[in-house]
Amino acid sequence: MTALPLILTVFVACAVEAIEALTIVLAAGLTREWRSTFQGMAAALVVLAAIVAALGPTITLLPLTALRLAVGALLAIFGLQWLRKAILRATGYKSLHDEASAYLREVAAAKAAAPSSRGRVHDWYAFTLAFKGVLLEGLEVVFIVITFGANQRNVGAAVIGAAAAVLVVAVTGIAVRAPLAKVPENAMKFAVGIMLTSFGIFWGAEGAGVAWPGNDAALLVLVPVVALVALCYTVLLRRPQGVRPASAPTSASASASEEVSSS
Amino acid sequence: MRRLKSIGAFWYDFVVGDDWRVAVVVVAALALTALLVHAAGVNAWWLLPACVFAALGWSLRRATRS
């Protein structure tokens, strides 16, 4: 596999996570104060960079077969989790992820929180909100970068894909100064679930000793087949029109971690 | 101890998520694939995709019925 599919897959997966992190950062920055928000964001980015720097080179030292087995299993489980949620959203059994309403929840919680400062951090609430949001969303990015990069023995290309996604989302967010609610996030999550599951199946089976018919070209069949199966389940399970999906939580006290867990 | 528990719970939720049965099926399918390949000499490339699709359908059915 060349670096381009790797970069594109990581780019789309990371863009979804970056959009969710941006919503939390904007809520903290625009409602509370930017300095503490940037401090929280920077602290989280340092932690994430340290994790990549520590785990990336270590993981690539593992034998490729063992790595593919372990990473394939993790990716398949992780990808199925995404795909399951995406299908439940598409069929109406789970409410669609809505950045605009997520933003409003975060803003309401940020406005209600009492101000307090600690050390060099002027607004502790803004700091922790940004730190938690960026760290938790970023962990998924780190997971994808390390698993995809290590398996392809090209962590650098995966980092490029992730960095490009974060950059594009950050620049767009700064330009519009609002959550990116118009991005087809749910469709992107569906696509990412398909990619993660497909790569998980491919690498996991290879790690177990399987020789795929057509070698790497098998992925060109596997990805559409996984997509087709997911679409079939979506059509089969689609709720009849008029049946309303479960509504999104409206509590103003929804926290960043709750936001992450619903992603 | 409480902190360790919450870290464990976070990673469990992060990787496994809402339905642990899916994770069990994936791990079991991989073990069975390795067994078929190495012990029986069968190139069972079809087994993992079949199990994954079945696990997804089973999990979705459970979720939509509850």
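A short reminder: the numbers here are calculations on the coordinates, not readings from a lab. In this text, all values refer to a predicted model and were calculated from it rather than measured experimentally. Cβ: placed from backbone, ideal geometry, glycine included. Neighbour counts: every protein chain shown.
Where in the range A:129-144 does the label zone of A:LEU61 land, with the point 7 angstrom along Cα→C-beta and an amide N cut-off under 14 Å?
Within reach of a label on A:LEU61, which here means backbone N under 14 Å from a point 7 Å along Cα→Cβ, the range A:129-144 contributes nothing.
Going by the alpha-carbon gyration tensor, a ≥ b ≥ c the square roots of its eigenvalues, is the range A:1-137 rounded (a/c under 1.5) or, if a/c is not under 1.5, prolate (a/b greater than b/c) versus oblate?
Because a/c hits 1.5 or more and a/b fails to exceed b/c, the range A:1-137 counts as oblate.
Select from A:ILE174, A:ALA102, A:GLN81 the residue farthest towards the positive end of the dipole of the protein assembly as shown; place +1 on Cβ of Lys and Arg, -1 on Cβ of Asp and Glu, and compute about the Cα centre.
Going by the charge dipole, the pick is A:ALA102.
What number comes out for the charge environment of A:GLY200, summing +1 per Lys or Arg and -1 per Asp or Glu over other residues with Cβ under 13 Å away?
Net charge around A:GLY200: 0.
Exposure proxy check: B:TRP11, A:TRP212 ranked by fewest other beta carbons within 10 Å?
B:TRP11, A:TRP212
What is the sum of charges, Lys and Arg at +1 and Asp and Glu at -1, for the other residues whose Cβ falls under 12 Å from the Cβ of B:ARG61?
Net charge in that neighbourhood comes out at +3.
Over chain A, what is the relative contact order in whole percent, taking alpha-carbon pairs under 8 Å and six or more residues apart?
Worked out over chain A, it gives 40 percent.
Counting other Cβ atoms within 10 Å of each Cβ, which trypsin sites (Lys or Arg not before Pro) in the range A:138-232 have at most 14 and sit in a DSSP loop?
When the trypsin sites (Lys or Arg not before Pro) of the range A:138-232 are filtered for loop state and at most 14 Cβ neighbours within 10 Å, A:ARG153, A:ARG177, A:LYS182 remain.
Quote the relative contact order of chain B in percent (integer), defining contacts as alpha-carbon pairs under 8 Å separated by 6+ residues.
32
Quick one: if you stick a label point 7 Å off each Cα along the C-beta vector at B:ALA9 and A:ALA211, how many nm between them?
Taking the simple label geometry, B:ALA9 and A:ALA211 are separated by 4.9 nm.
Label the range B:18-65 by shape, choosing from rounded, prolate and oblate, from the square roots a ≥ b ≥ c of the eigenvalues of the Cα gyration tensor; if a/c is under 1.5 it is rounded, and otherwise prolate applies when a/b is larger than b/c, oblate when it is not.
Since a/c reaches 1.5 and a/b is larger than b/c, the shape of the range B:18-65 is classed as prolate.
Check the straight Cα-Cα distances from A:LYS94 and name the lysines below 23 Å, setting aside those fewer than 8 residues away within the same chain.
A:LYS85, A:LYS182, A:LYS189
Considering only the other residues whose Cβ falls under 15 Å of the Cβ of A:ALA162, what net charge follows from Lys and Arg at +1 and Asp and Glu at -1?
-4
Shielding of B:28-34 by partners, i.e. mean partner chain Cβ atoms within 10 Å per residue?
Shielding by partners across B:28-34 averages 5.
Going by C-beta contacts inside 10 Å, put A:CYS232, A:CYS14 in order with the fewest on the left.
Listing A:CYS232, A:CYS14 from fewest to most nearby Cβ atoms yields A:CYS232, A:CYS14.
Just grab the label-to-label distance for A:SER95 and A:LEU228, each label 7 Å out from Cα along the Cβ direction, in nm (one decimal).
Taking the simple label geometry, A:SER95 and A:LEU228 are separated by 3.6 nm.
Within 10 Å of each residue's Cβ, count the other Cβ atoms and sort A:SER101, B:SER59 from fewest upward.
With the sparsest Cβ surroundings first, the list reads A:SER101, B:SER59.
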